[in-house]
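The values are calculated or read from the model by the stated rules, or taken from the named source; none is laboratory data. Remember, it's a predicted structure, so these values are computed and weren't measured experimentally. Please note: Cβ atoms are built from the backbone with ideal geometry, for glycine as well, and neighbour counts cover all protein chains shown. These area figures cover heavy atoms from the full protein model, side chains too; ligands, DNA and RNA do not enter into them. Shrake-Rupley method; radii C 1.70, N 1.55, O 1.52, S 1.80 Å.
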Amino acid sequence: MSMFDKFKKSGITQQTPKSLLLNAAVLYKSLKYIPEEKKWSGVLLGATSGGTKVNISSDYQEIEVDGAIVKVVGLTQKQGESGSIEANLVEVTEDNLKMAIVGKESESDIEGYDLIETKALLEASDYIDNIAAVGTLSNGKPVIVVMENMLCTSGLEIDTKNKKNAVMKVKFECHAGFDDDHDTLPISIYYPKNTTSQPEILIYAKEDLEAMTVTQIEALANERGYTLTGTNKEEKILSFMEQQNGGNA
């Protein structure tokens, strides 16, 4: 926690320009990370319009205690959570239609057409193993939100208007699997590590080192893991400078 004499007029810091989440997220399904290749593998869900909405929320229960007429720390208990991803798909494909109505492909009685119908019972195959929303920070690094066992619960809703392309409004909800802990949902958020939070290494000029004693120079070198060579102060300074600049002296 930093000390300060006066309050700032805004919350802007050097990290602010690098932490902005820009543009609409891109949706993938069946996204997986391949450790051996250090790459991601997945299938684009489709182009969207109007952005993507990611929602992760907790359900709370307030414990009522006589005499307490306000909320009290510790008496609010978490009683579950929910996770969903909503988007407007602009690609009205057969797969997207089946996904939206949780339907099945039946034998068509019209030549040149496939037939998609609704069905009475859900099957395991109706759940998408995962859907990921991938956004991009202003520093160019992706933020990845992955929700597993996704089911389209919105049904099919398509707006058609003159001089405008139709969009499919869909909402996918996350479900726990049989092998998961059933008090939380299988939701993962991958956020890039903040390498800028590392403490800056002060660069010393030759004049700075000359103003120090040999003992101070050796102590500073020891903190940085430098092994100084030389028998006098001038040689030790040259050795320090060389290692500071990436050399091995």
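A compact table of results
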item: ALA166-ASP180 pseudo-label distance in nm [points 7 Å out on the Cα-to-Cβ vector]; result: 3.2 nm
item: Normalised contact order of the stretch 95-247, rounded percent, pairs of Cα under 8 Å and 6 or more residues apart; result: 14 percent
item: Helix-only [θ]222 nm of the chain, DSSP H runs n ≥ 4, -39500 (n - 2.57) each, per residue, nearest 500; result: -4000 deg cm²/dmol
item: Rounded, prolate or oblate (a/c below 1.5 giving rounded, otherwise prolate when a/b exceeds b/c) for the stretch 113-249 by Cα gyration tensor; result: prolate
item: Distance between the stretch 165-192 and the stretch 52-98 - C-alpha centres, whole angstrom; result: 12 Å
item: HN-Hα J in Hz across the stretch 27-32 - Karplus 6.51, -1.76, 1.60, θ = phi - 60°, x for Gly and Pro; result: 9, 10, 10, 6, 7, 9
item: Estimated distance in nm for a label pair at LEU21 and ILE116, the labels positioned 7 Å out from Cα along Cα-to-Cβ; result: 2.8 nm
item: Using θ = phi - 60° and Karplus 6.51 cos²θ - 1.76 cosθ + 1.60, couplings along the stretch 154-168 (whole Hz; Gly, Pro as x); result: 7, x, 9, 9, 10, 9, 10, 9, 4, 6, 9, 7, 6, 10, 9
item: When the stretch 130-176 is reduced to its Cα atoms, the Kirkwood hydrodynamic radius in Å; result: 13.1 Å
item: Against the rule of thumb 2.2 N^0.38 Å, how large the Cα Rg of the stretch 40-105 comes out; result: 1.88
item: Accessible surface ranking that places the most exposed of HIS182, HIS175 first, with a 1.4 angstrom probe; result: HIS182, HIS175
item: Label-to-label distance, nm, for residues given as LYS71 and ILE34 (7 Å Cα→Cβ offset); result: 4.6 nm
item: Heavy atoms of ASP159 accessible to a 1.4 Å probe, total area in Å² rounded to 10; result: 60 Å²
item: Difference of contour (0.36 nm per residue) and Cα-Cα distance, GLU157 to GLU242; result: 23.9 nm
item: Calculated from backbone phi, Karplus (6.51, -1.76, 1.60) coupling profile of the stretch 67-74 in Hz, x at Gly/Pro; result: x, 9, 10, 10, 5, 10, 4, x
item: Shape category assigned to the stretch 1-156 from the gyration tensor of Cα positions, a/c cut at 1.5; result: oblate
item: Accessible surface, the chain, averaged per residue in Å² (probe 1.4 Å); result: 72 Å²
item: Amide H contacts under 5 Å for ASN130, placed H, 5+ residues apart; result: SER30, LEU31, ASN149, MET150
